[in-house]
Structure formats: C-alpha cells, structure tokens
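In what follows, a single structure is set out as structure tokens and then discussed.
The values are calculated or read from the model by the stated rules, or taken from the named source; none is laboratory data. These numbers were taken from a predicted model, which means no experiment stands behind them. Every residue, glycine among them, receives a Cβ derived from its backbone with ideal geometry; neighbour counts consider all protein chains shown. Just so you know, the surface numbers come from the protein's heavy atoms only, side chains and all, with ligands and any DNA or RNA stripped out. Shrake-Rupley method; radii C 1.70, N 1.55, O 1.52, S 1.80 Å.
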Amino acid sequence: PPPSGITKTPSGPVRERLGTRPLQSITKADIEDLMDWMLTAGGRRSGKPGTGLSGRTARLTLGRLSAALEMAVLEGKLVRNVARLVKPPEHTQRERETWSNAEVRKFPAKASRDRLHAAWRLSLYGLRRSEVLGLRGRIST
C-alpha cells in the first residue's frame, strides 16, 4: 500500500472499507457510510454474515479511527480529522442475566465432576477467564 494509505487501521471494518484509500481522500461521508454499514451489514461472527454490529462496536471503532486520524493530523499528514465530524451511533446497554442464589449454590456440585472444576470455582469468586487461565503454580485455599 502507498505510504499515505491506511496501513495500520483500528479495526477490520475500517481496513476492509477504507484501507486502500489515501488518508487525504477520506471524507465525513465515507466514515458515515462505514458506520451505517457496520450497523446494518458489518457482522460476520456467530454464523450470521451480513448482520449488523452493535452500536457500541461502531462507537468504539469510530473512536479508534478518530484517534488514528488525530495522530495523522499531529504528524502533519492530514489537515483535519474528519472522523471528529461524525456523530457516534446510539448505544443502549443490554440488561444482563445473572444467576439466582439457588443456581449459584447448585453449580459447584455439578462442576465438581468436570476436569476444570477449580477453574469454574475461581470464576464464581469473580476472576475473569483470562485471570483464571493465567494462574500458575500452586493455589492454596
């Protein structure tokens, strides 16, 4: 790619839609089109290609793109950051489902038969998956 193009972009959708374009040619309309595409057809995971991504994902992508373009402005490669002109998509938090106290009490008995029993128990104590998987050595109780 040419040195003026986007070679290290914030995310896959940006690379896919704008990655071959010189930075100076990207307009507010291009980024708005990217946001619309992400919200309507940008998803590919979980076996449903062509479904939209969440508003949160689009907002985060816009934020990373804006930060990258801002860096290009500071380095003198761009005159202005057109991503700052784009209104971020709406995002409403989903209500999360949690287990009842009874379900939490039943889980250790069921999990005790699993080879990952200790990992499941640590997860109940609030450790994230990456923290549980990153533990090494002996863990004393």
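Listed values, structure above:
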{"read-out": "Cβ-Cβ under 8 Å pairs, at least 6 apart or on other chains, the stretch 15-29 side under 13 Å from Leu78 (Cβ atoms) and open to solvent by 50 Å² or more (accessible area, probe 1.4 Å), far side of a type in the set (S, T, N, Q) and not in a helix (DSSP H, G or I)", "value": "Pro22/Ser4; Gln24/Ser4"}
{"read-out": "Filter result (under 31 Å from the mean Cα position of the chain (by Cα) and surrounded by 10 or more Cβ atoms within 10 Å (Cβ to Cβ)) within the stretch 88-113", "value": "Pro88, Pro89, Glu90, His91, Trp99, Val104, Phe107, Ala111"}
